[in-house]
C-alpha cells in the first residue's frame, strides 16, 4: 500500500508549454491568413471611371495651399497623396479617394503640414465624357472629350445606353488619344448615349484570351501531370516500401533531387538533356506544351512518390502475407488487398502532385518559355503581368490560383483524404 505523497510535491503545469506551441503555430497561421487577406483587400472590385490626364502640376506647397482650375459641373477623381490632408471644394472638404462633382471653377489641395515646403503628391483627373458614337462595319468608335490613356487589348464596360445590345464588357480593338473602338453584334441598333468604365481586374483577367488560355493549359497540364505522377509513384513507392535491395539508398537519394534542387536548375537540366536527344524529339518538346507537362512532372512526381511510400509503410505487410497464404499471388494481393487500403494515400498523392504542378514556375520558364497562347500557364501569366507593370492583373491571376488550389483541397478532403493529412 502506497504512502501519502511527499509534502510540497506538485505536478508542473502544462500551460507554459501549450502557450508556447500556440504562439509559434499561431504566428505561422496568422502570416498565411494575412497574406491571403492582403491579396483580397488590395484589389478594387468595383468598376473604375475612365479618366483624363493629370491636372495637378508638380511642385511644392510654398504658399501653404495649391489651387487647381476645374470645369464647373464636371466630375473629377481625387486621390490623396502622402503630403495632403484633403481637398477643399467650395464650402466642403474631400478627405478620401473617389469621384466628386464641383460647381466652382477652382479646388484647393490642403497640405497635411502647412509651411513645410513639401512636394505635391495628390492626383486630380477629370472623368471622361462621351462626345460621339459611330458604328462602321460592326465596330463602334467612341470619342471622348479628354485623352483617356487606355491601351490596346484592355477591356471596357459599356452601360447606360439607350439601345439594346450595347451594355456589357467589351474588348478594346483599337484606341487613340481620344477614341476607343470595340466590336458590336450584327444588327445592333445605333446608340446615342452611353457610359464608359473600366471593369475590375478579376473580370478583365477572366475575359482576357491570354489568361483564359493559361487557365485551360494549366488545368490540362496539371491533370496530365497528376496522372503520370500516380502512374510512376505507385510502383516506385511500393518497391521502396516493401523490398530491400542493393542500391536502394542511391535510388532514395535520386528521388530527393527534384525536391531539394532549385526549380531553375531542374528546368536548365531538362534543357541541357534535350540537346542530346534526337532533333525531331527536341523540336516536339522544347518550348512547346509538352515541355510544360514534363517540367511539372519532374517536380510533382517526387512529392507523389514520397506520399505513396509513406502510405504503403502504414499498411502492415501481414495483410499481404495472409493473402499469399490463402492462394493469391503477389499481383492479386496488391490489387485486392493493398490498393483498397491505399486509396486515401493515392488521393493525397494526386492532390499534392496537382497542386505542386499548378504552382510550378521556374522549370517551365526555362524549359518551356512564357509564350502567350502557347506555353503560358497561370504562374507565367502572373510573371508576364508583373513584367508589364500590371500589378492588379498579377494579383487577379494569383487569386485564381489560390481559388483553384482551395477547391482542389476541399474536394480531396471531402472524398476521404482526412486520414492522410489529419
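The values are calculated or read from the model by the stated rules, or taken from the named source; none is laboratory data. Just so it is clear, the model here is predicted, and its values are computed rather than measured. Neighbour counts are summed over all protein chains in view; Cβ atoms, including those assigned to glycine, are modelled from backbone coordinates with ideal geometry.
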* Determine, yes or no, whether residue 371 is surrounded by fewer than 18 Cβ atoms within 10 Å (Cβ to Cβ) and in contact (Cβ under 8 Å) with a residue 40 or more places away in the chain. => yes
* To do: Go through the residues of the range 297-310 one by one and say whether even a single one is over 28 Å from the mean Cα position of the chain (by Cα) and surrounded by 20 or more Cβ atoms within 10 Å (Cβ to Cβ).
  => yes
* To do: Please find, among 271, 254, 261, the residue that is in the same structural domain as residue 352 (by TED's automatic domain parsing), in contact with a helix residue (DSSP H, G or I) (Cβ under 7 Å, 6 or more places away or on another chain) and within 22 Å of residue 356 (Cβ to Cβ).
  => 271
* To do: Report, ordered by the first and then the second residue, all pairs with beta carbons closer than 6 Å, sequence separation of six or more or different chains, a first member in the range 303-331 that is farther than 30 Å from residue 354 by Cβ, and a second member that is part of a helix (DSSP H, G or I).
  => 323/333; 323/337; 324/333
* Structure fact -> Flagged in the range 58-70 as assigned to a loop (DSSP other than H, G, I, E, B) and either modelled with pLDDT under 85 or exposed (fewer than 11 other Cβ atoms within 10 Å of the Cβ) (or both), in numbering order, are 58, 59, 61, 62, 63, 64, 65
* Asked: Assuming residue 84 fulfils every condition listed in (1) within 30 Å of residue 180 (Cα to Cα); (2) modelled with pLDDT of 80 or more apart from one, which condition is it?
  -> (1)
